[in-house]
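What follows is a set of notes on a single structure, which appears directly below.
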Amino acid sequence: MLMPLPGGLIPNDPCGGLIPGDPHGGRIPSDPPKGRIPGSQAPGGPAGNPRAGGPAGNPRAGGPAGNPRAGGPAGNPRAGGPAGNPYPASPRHGKPRRDGRRGPRREGRRGSPPPGMGGFLPAPPAGLLPGDPLGDPLSTDPARNPIPGDPPASPVHATPAPPGLNPGMVATITAQCPGLRVDHMLRHGGKSVLAGGYVGEQPVVIKMPGDTDPLWRLRQRHEIDVYRIFAEHPPPVRVPRLLHTDGESIVVIERLEGTPLDTGRYPDRALTEQEVYATTRLVRTLHEWQPLPGGFGPVFGYYDRIARYHAAGYFADSDRHALDRLLARCGRPNQLNHGDLLPGNIISTPDGEWALLDWEFTGLFLPGFDLAMLQILLAASPVTAGHIEALVAESGDRDAYLVNLAVVLSRERHIHHDLPEDHPLRLARLPALEEAWRRARDRIHAAAAKPAH
């Protein structure tokens, strides 16, 4: 059967990867010992999208009132469970491995990547092991916690004096950024606080830490670094403009008005051809940014990622070997990808442009990670599959794309296998995800069997 993945969560990671094995007891740097599950929703926050405007609801995408990620019933927006102990044991309802063996739990690394293939965050604080910055969005309490980007079950209410936005914090921020007026809470999710306000007449979003978790602070500093790169080297796609940062934990950015591609992780409606084409044009424009400024690095280690899912039973031995053969042909990650292409992070603006939000997981990937993510999340739209396959064929990066497809599918399968057997999202999505993996697996084995060009 499928095994629990060793380790824990990276706070607020919507991408969900795996962290290289911890030889010192299995603790992952991001595992907080106690407290709210990373990313779980606390009450409070006015209706509206703090990054993109729009109707009441998802502060990232302007959907119906609810979870600021627009995701599922009340609880952890990572994977679906009630409030309570953030790390109780959870049942796994997985299928047997294809080779029939039970995947062992492994604490050490296997199949370590070549030098330079690991993460690119700054060195973690003393006492924390370096790890893959894309953590697996597990839920150990799956009964109520929604998956990131899924529809909410309870509204987020506005509060005139929201928790976490105390007068001392407001005074500190306004002293740093002359002309800033902080006037309302947009989200308080435990790990971060989003507030709304103005600099002069410019609507802004203020993002600051919600606690002192050291790995989450590293993630926030990474996003700040990305915005600083964008400020010095404007990217070829529309992004929120950086207005102020202290360089450590506080960032003030332009609040973009617009309509999200969708408010769910998996849109319920079929997207139009125009929407799908506009989305792929947007991300390919980012991928082709040249000359790419310095400062970006590989986001995770592919060898370690695949080894971990293999150990947990999501890849059979033959799958692992086939993926290793493809990886050996792909070289180092060298393409800038957004890394978190949830539909709510893609918005169309009133002036007809498309923009990308949320840059915590941006960096270098093997070519086509964003396309692989879109292929899976937008699979219900008939135009998606053929269009993305044509783009991959045109690029000549099919081996890298297939590896990325395996990585994305193993994560999505894991998220949904981790839900209770009768959970509606598991029942609705898992059969299609397993079928998608069956098709991708056949392609991976066929590609690996061919001689390298």
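The values are calculated or read from the model by the stated rules, or taken from the named source; none is laboratory data. The structure displayed is predicted, hence computed values, not measured ones. When we count neighbours, we look across all protein chains shown, and the Cβ atoms used for this are built from the backbone with ideal geometry, even at glycine.
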*Among 217, 284, which is the only one that is among the basic types (Lys, Arg) and modelled with pLDDT of 95 or more?*
284
*Failed condition for residue 294, given (1) under 28 Å from residue 351 (Cβ atoms); (2) surrounded by fewer than 19 Cβ atoms within 10 Å (Cβ to Cβ)*: (1)
*Restricted to region 293-311, and to residues that are at pLDDT 95 or above and of a type in the set (A, V, I, L, M), which residue is nearest to residue 362 (Cα to Cα)?*
306
*Restricting the search to region 264-285, which residues are crowded, with 22+ Cβ neighbours inside 10 Å and among the polar types (S, T, N, Q)?*
279
_Cross-chain or 6+ apart pairs with Cβ under 7 Å, region 394-408 first and small (Gly, Ala, Ser), then assigned to a helix (DSSP H, G or I) and modelled with pLDDT of 95 or more_ = 400/330; 406/323; 406/440; 406/444
*Selection from region 318-333 of residues that are touching a helix residue (DSSP H, G or I) at 6+ places or on another chain (Cβ under 8 Å) and outside any loop (DSSP other than H, G, I, E, B)*: 318, 319, 320, 321, 322, 323, 324, 325, 326, 327, 329, 330
*Looking at region 320-344, which of its residues are among the charged types (D, E, K, R), in contact with a Phe, Trp or Tyr (Cβ under 9 Å, 6 or more places away or on another chain) and farther than 30 Å from residue 269 by Cα?*
320, 324
*Evaluate region 334-351: report whether one residue or more is modelled with pLDDT under 95, within 24 Å of the chain's Cα centre (by Cα), small (Gly, Ala, Ser) and not in a loop (DSSP other than H, G, I, E, B).*
yes
_For region 321-335, give me each residue that is farther than 20 Å from residue 377 by Cβ and surrounded by 20 or more Cβ atoms within 10 Å (Cβ to Cβ)._
322, 323, 326, 327, 333
*Some residue of region 300-312 being touching a residue at least 12 places away in the same chain (Cβ under 8 Å), part of a loop (DSSP other than H, G, I, E, B) and more than 22 Å from residue 397 (Cβ to Cβ)*: yes
_Candidate set from region 365-388 (those that are small (Gly, Ala, Ser) and touching a residue at least 24 places away in the same chain (Cβ under 8 Å)); member that is surrounded by the fewest Cβ atoms within 10 Å (Cβ to Cβ)_ = 380
_Residues that are touching a strand residue (DSSP E or B) at 6+ places or on another chain (Cβ under 9 Å), at least 2 per element: which helices (runs of 4 or more DSSP H) completely within region 364-444 meet that?_
369-377, 398-417
_Count of region 429-453 residues which are among the hydrophobic types (A, V, I, L, M, F, W, C), modelled with pLDDT of 95 or more and either exposed (fewer than 13 other Cβ atoms within 10 Å of the Cβ) or over 24 Å from residue 268 (Cα atoms) (or both)_ = 5
*Go through region 390-422 residue by residue and tally those that are farther than 22 Å from residue 331 by Cβ and surrounded by fewer than 21 Cβ atoms within 10 Å (Cβ to Cβ).*
4
*Scan region 192-236 residue by residue and report those that are of a type in the set (A, V, I, L, M) and under 19 Å from the mean Cα position of the chain (by Cα).*
193, 194, 208, 215, 218, 224, 226
_Failed item in (1) touching a Cys at 6+ places or on another chain (Cβ under 8 Å); (2) modelled with pLDDT of 95 or more, with residue 324 passing the rest_ = (1)
